[in-house]
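Bear in mind that the values in this text are calculations on the coordinates, not laboratory data. None of these values were measured; they are calculated from a predicted model. Reconstructed Cβ throughout: ideal geometry from the backbone, glycine too, with neighbour counts over all protein chains shown.
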Amino acid sequence: MMSQESAIRQAARQAEARPLDNRSKHLRRLVVEGLLGGGRGHIGSSMSPIEILRVLYDEVMRFDPAQPKWTGRDRFILSKGHGCLAQYALLVDKGFIARETLGTFCKKDSILGGHPEANKIPGVEASTGALGHGLSIGVGMALAARVQKRDSRVFVVMGDGEINEGSVWEAAMSAGKHRLSNLVAIVDYNKIQSYAFTDEVQPLDPLPEKWAAFGFDAIEVDGHDVEALSKLFRELRYDGDKPTAIIAHTVKGRGVPFAEHQPSWHHKNKFTDEEVRAIAAALEDA
Amino acid sequence: MRNTSLNKVHELAQKDSRVVFIGSDLGVGTLKAMKAEMPERFFMEGVAEQNVIGMAAGMAMDGLIPYVNTIAPFITRRCYEQVAVDVCVHNLPVRLIANGGGVVYAPLGPTHLAIEDFAIMRALPNMAVVAVSDAEEMKRLMDASLDWKGPIYIRLAKGGDPVISQPTDDFKIGKAILRREPGRVLMVSTGATTERCLKAADILAEAGITAGVLHMHTVKPLDCEALKALVPGRDLLVTVEEHLLAGGLGSAILECLVDCGVTLPKVKRLGLPDSFTKEYGSQDSMFETYGLKAEQIATTVRTALA
């Protein structure tokens, strides 16, 4: 078991050694368009979950951009709301919002703020930003689906720093108690939070064991391996008797080599045009 | 009042499939009948108020109407960010039923008292704040709550409170009820203090002073129209509440009157000072400590008029 975990971690840690395919590059270009538009953003936090969101939106979740509130849809909550540029990239790509909107990121009348808002953006289920809220909302949505006899599934992406919040573990207990197999908690485990590496600020390991102890099927995956993610989500049992926790080992800032693994790239609020060009150029070579 | 309120949740759930009940870790047998009849809409989620509120919000986002119940400080202070962000930012029809409003839990000390709940709940955009006077009025509030669009904070009184409300009250959330026509004096009160004000008005009447009582069961949205109609022409306005003077009913009333340009008469605000409670006892003994008993209110009015 340990050797397999180590292998997954190892692979994820070395993700930067593998080239990104065109689709992953395309989605990251959209993130950069947002960064350029706003002149700011949580770049590291938005780059690490791209493949997770890509696979969910491309292959797993049921939704209709023409009817964002379609009752039968699956629900997606980006609980780590500061990584919103990743979701905005997918919402643009899927046609929920126009690509030009990215250029308005964080501007006065934009629908796209530095954290996603449900009442402004089609395809955003819950306004997030304050950490540790999304999983409880997801529990409520998964229970609502049960009460209303819908087969909707709920996917909640959390940050690793975010799960320092006690509320996450209240929600985890609740999901375990209710055996919410239609709920999937995903931890974007890039090992870095705002101040420093998670191991320094608040160590989380052994993380799969923690989730398992709360009643989840806990599964580790290389969060940049599209094929592995695709297989994992395909094979999940959404009608079983346990919720699922996916510990996705990722690289903060993935795709921008000088930002990868760098705590200082968690958030930037002053990009010069030159820096943005450097990011874009680096991405092309990634 | 608590039983009345919770039994009403059951009744509402029987007629509307959107209604669900969520408790934290309430007393043995709470809503036993509802649990037996519709277990899929009865939730007892443990001592985890942050999760309870977030979960209620998630349910409401998908069309359910959750009635959440636990002790007042734990449904307000403990999970304030969840109430603000998950419920109020999304303007969801979540109902927070708060046991032991004000100083009802006097014997249990300051951890269990809700003496700032009006202030912190009414500070949240979209939140309605209601404190009815008795169990009969609670029934009317619960009926009215079903189709209220946004969140509601419902403060419960002690229970067994004398019934002063009437079937003819035409109860509406946000609409004050004039219990006694004003003369030189108008008292404005909410929750359990309205009953004390009515008694105070009786005492004052014997002394030849006509004092009105406006029952402001809804602290937010405040019925400014009633205040604008009733305050001008009085010699004295008295606000009475089982709450800190900071940020509660009295504050809300003065904000409203000042913002509306009403010339203020002499004003006395009665409530709790800027201090955590220092004694135990009972709700009544605390009322005495803070000058909220009927006789004390009447004395305050007489002194202020002198």
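So the values come out like this:
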| quantity | calculated |
| --- | --- |
| Residues of region B:68-81 that turn out to be away from chain A (no Cβ under 14 Å) and assigned to a strand (DSSP E or B), as a count | 2 |
| Residue B:229 of a type in the set (A, V, I, L, M), closer than 14 Å to residue B:305 by Cβ and surrounded by fewer than 18 Cβ atoms within 10 Å (Cβ to Cβ) | no |
| Residue A:139 farther than 15 Å from residue A:77 by Cα and at the interface with chain B (Cβ under 7 Å from one of its Cβ atoms) | no |
| Failed criterion for residue B:104 (all others in (1) within 11 Å of chain A (Cβ to nearest Cβ); (2) in a loop (DSSP other than H, G, I, E, B) hold) | (1) |
| Odd one out for residue B:214, checked against (1) surrounded by fewer than 24 Cβ atoms within 10 Å (Cβ to Cβ); (2) part of a strand (DSSP E or B) | (1) |
| Subset of region B:49-67 (residues that are of a type outside the set (Gly, Ala, Ser), assigned to a loop (DSSP other than H, G, I, E, B) and more than 25 Å from the chain's Cα centre (by Cα)) | B:62 |
| Identity of the residue in region B:33-48, buried (at least 21 other Cβ atoms within 10 Å of the Cβ) and in a helix (DSSP H, G or I), that ends up nearest to the other protein chains (Cβ to nearest Cβ) | B:41 |
| One residue from B:64, B:92 being within 8 Å of chain A (Cβ to nearest Cβ), touching a residue at least 40 places away in the same chain (Cβ under 8 Å) and either closer than 21 Å to residue B:248 by Cα or in contact with a helix residue (DSSP H, G or I) (Cβ under 6 Å, 6 or more places away or on another chain) (or both) | B:64 |
| Any hit, region A:59-69, residues being within 17 Å of the chain's Cα centre (by Cα) and on the phi > 0 side of the Ramachandran plot | no |
| Check on residue B:126, crowded, with 24+ Cβ neighbours inside 10 Å and not aliphatic (A, V, I, L, M) | no |
| Residue within region A:83-105 that is under 16 Å from the mean Cα position of the chain (by Cα) and either in a loop (DSSP other than H, G, I, E, B) or within 14 Å of chain B (Cβ to nearest Cβ) (or both) present | no |
| Hits in region A:154-191 (condition: surrounded by 24 or more Cβ atoms within 10 Å (Cβ to Cβ) and either more than 14 Å from the chain's Cα centre (by Cα) or without any contact (Cβ under 8 Å) to a residue 40 or more places away in the chain (or both)) | A:167, A:168, A:170, A:171, A:172, A:174, A:175, A:180, A:182, A:183 |
| Entirely in region B:150-199, the strands (runs of 3 or more DSSP E) that have 3 or more residues that are more than 15 Å from residue B:139 (Cα to Cα) | B:177-180, B:185-189 |
| Condition check for residue A:230: more than 13 Å from chain B (Cβ to nearest Cβ), hydroxyl-bearing (Ser, Thr, Tyr), under 19 Å from the mean Cα position of the chain (by Cα) and under 30 Å from residue A:22 (Cβ atoms) | yes |
| Residue under evaluation residue A:116, criteria (1) touching a helix residue (DSSP H, G or I) at 6+ places or on another chain (Cβ under 7 Å); (2) assigned to a loop (DSSP other than H, G, I, E, B); (3) surrounded by fewer than 19 Cβ atoms within 10 Å (Cβ to Cβ), criterion not met | (3) |
| Matching residues in region A:150-200 - criterion: being over 18 Å from residue A:74 (Cα atoms), of a type in the set (Val, Ile, Thr) and within 14 Å of another protein chain (Cβ to nearest Cβ) | A:163, A:168 |
| Check on residue A:217, in contact with a strand residue (DSSP E or B) (Cβ under 8 Å, 6 or more places away or on another chain) and acidic (Asp, Glu) | yes |
| Meets criteria (away from chain A (no Cβ under 14 Å) and surrounded by 24 or more Cβ atoms within 10 Å (Cβ to Cβ)) for residue B:51 | no |
| 3 or more residues of a type in the set (A, V, I, L, M) and in contact (Cβ under 8 Å) with a residue 24 or more places away in the chain: qualifying helices (runs of 4 or more DSSP H) within region A:202-286 | A:273-285 |
| Some residue of region A:161-173 being assigned to a loop (DSSP other than H, G, I, E, B) and within 23 Å of residue B:80 (Cα to Cα) | yes |
| Single condition residue B:241 does not satisfy, out of (1) among the charged types (D, E, K, R); (2) in a strand (DSSP E or B); (3) surrounded by fewer than 21 Cβ atoms within 10 Å (Cβ to Cβ) | (3) |
| Failed item, numbered, when residue B:193 is tested on (1) within 26 Å of residue B:155 (Cα to Cα); (2) in contact with a helix residue (DSSP H, G or I) (Cβ under 8 Å, 6 or more places away or on another chain) | (2) |
| Region A:125-136, residues that are in a helix (DSSP H, G or I) and within 7 Å of chain B (Cβ to nearest Cβ) | A:136 |
